[in-house]
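Trainee: First, the structure itself, so that you have it in front of you.
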Amino acid sequence: MPSSRKKKHFLRRHSLSISALGIVLLLIVLYTRSNPDTHLGSFFGNAIADWTGVFVTIVLTKFLYEKGSKQSKQPKGVLPSAVEEFLREHSLTIFLIITGVIWVFVYRGMEVNGKWGQVVGNIVSEWTQILGLVLLTKKLMEVGSKE
């Protein structure tokens, strides 16, 4: 059984991603209990997509890479195979494209104005924004920004 100290250390080291996931889950619960035709219900639906994007950005940039992007840490060392190295150097973009295509197919099968159709449509939009930001920051910059 993990010690209390290890458990606190884990929670402290991952508090941002755990908090973002908690917010996403809370918003899903609130949205399922709300009417999407009200301002509050519509807010919960939009916020699900936004906070899902925040959560994904936090977690993916910890584990995946996009060589040259300021939004991604850079891989260290070189893998033995050129294919493996390419896949690792662009793992963030590859993941976003594959999962983005999946979200598009899920969205295509839904009623656009249905309760969850609007949320999934917003998630597709959020994925596009994240991918765009990752790719744009490979070549572009903004003076005064952290990067």
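The values are calculated or read from the model by the stated rules, or taken from the named source; none is laboratory data. What you are looking at is a predicted structure, and each value in this text was computed from that prediction instead of being measured. FYI the Cβ positions are ideal-geometry reconstructions off the backbone, even for glycines, and counts take in every protein chain you see. Quick note on the areas: whole protein, heavy atoms, side chains included, nothing else; ligands and nucleic acids left out. Shrake-Rupley method; radii C 1.70, N 1.55, O 1.52, S 1.80 Å.
Trainee: How large a share of the accessible area of the chain, in percent, is made up of carbon and sulfur atoms when the probe is 1.4 Å and the other protein chains stay in place? Mind dumping the intermediate values first?
Mentor: Details: 6690 of 10200 Å².
Here it works out to 66 percent.
Trainee: With a length cut of 15 Å (Cα positions projected on each helix's long axis) and a Kyte-Doolittle mean of at least -1.0, go through the chain and give me the DSSP H helices that pass.
Mentor: On the way: long enough: 15-32 (25 Å, 2.32); 39-63 (36 Å, 1.00); 91-108 (25 Å, 1.92); 115-136 (32 Å, 0.85).
TM-like helix candidates: 15-32, 39-63, 91-108, 115-136.
Trainee: Taking a probe of 1.4 Å, how large is the accessible area per residue of the chain, in Å²?
Mentor: With all protein chains present, the chain gives 69 Å² per residue.
Trainee: With the chain treated as a Gaussian network of Cα nodes joined by springs under 10 Å, which of V78, V24, V119 yields the largest mean-square fluctuation?
Mentor: The residue with the greatest mean-square fluctuation here is V78.
Trainee: Tell me, in nm to one decimal, what length is gained between V59 and R33 on full extension, where the rule is 0.36 nm per residue of separation less the Cα-Cα distance?
Mentor: Extra length available between V59 and R33 comes to 6.6 nm.
Trainee: If I stretch the segment between Q129 and Q74 completely, what's the gain in nm (0.36 nm per residue apart, minus their alpha carbon distance), one decimal?
Mentor: Numbers: separation 55, 0.36 × 55 = 19.80 nm, distance 2.06 nm.
That works out to 17.7 nm of additional length.
Trainee: Next up: Net charge near G114: determine it from the other residues with C-beta under 13 Å of the C-beta of G114, scoring Lys and Arg +1 and Asp and Glu -1.
Mentor: That sum, taken over residues with Cβ under 13 Å, equals 0.
Trainee: Right, next: How do the peptides 131-137, 36-42, 4-10 rank, highest first, by the average count of neighbouring beta carbon atoms within 10 Å per residue?
Mentor: Highest to lowest by the protection proxy: 131-137, 36-42, 4-10.
Trainee: With the cut-off at 1.5 for a/c, could you classify the stretch 1-124 from its C-alpha gyration tensor as rounded, prolate or oblate? The partial results should precede the final answer.
Mentor: Numbers: a/c = 2.99, a/b = 1.36, b/c = 2.21.
Oblate is the answer for the stretch 1-124, as a/c is 1.5 or above yet b/c matches or exceeds a/b.
Trainee: So how far apart, in nm, are the two label points at F105 and L136 if each is 7 Å from Cα heading toward Cβ?
Mentor: It works out to 2.9 nm between the two label points.
Trainee: Still on this structure: Pick from A82, A49, A20: which is most flexible by mean-square fluctuation in a GNM of the chain where alpha carbon atoms under 10 Å apart are linked?
Mentor: Of the options given, A82 has the highest mean-square fluctuation.
Trainee: Among all the lysines, which ones have a C-alpha under 30 Å from K8's C-alpha, if same-chain residues fewer than 8 places away are not counted?
Mentor: K62, K73, K76, K146
Trainee: Going by a ≥ b ≥ c, the root eigenvalues of the Cα gyration tensor, does the stretch 97-147 fall in the rounded group (a/c under 1.5), the prolate group (a/b larger than b/c) or the oblate group?
Mentor: On the way: a/c = 5.24, a/b = 2.51, b/c = 2.09.
Judged from the Cα gyration tensor, the stretch 97-147 comes out prolate (a/c at least 1.5, a/b above b/c).
Trainee: At a Cα cut-off below 12 Å, give the aspartates and glutamates reachable from K138, other chains included and same-chain residues fewer than 8 away excluded.
Mentor: E66, E147
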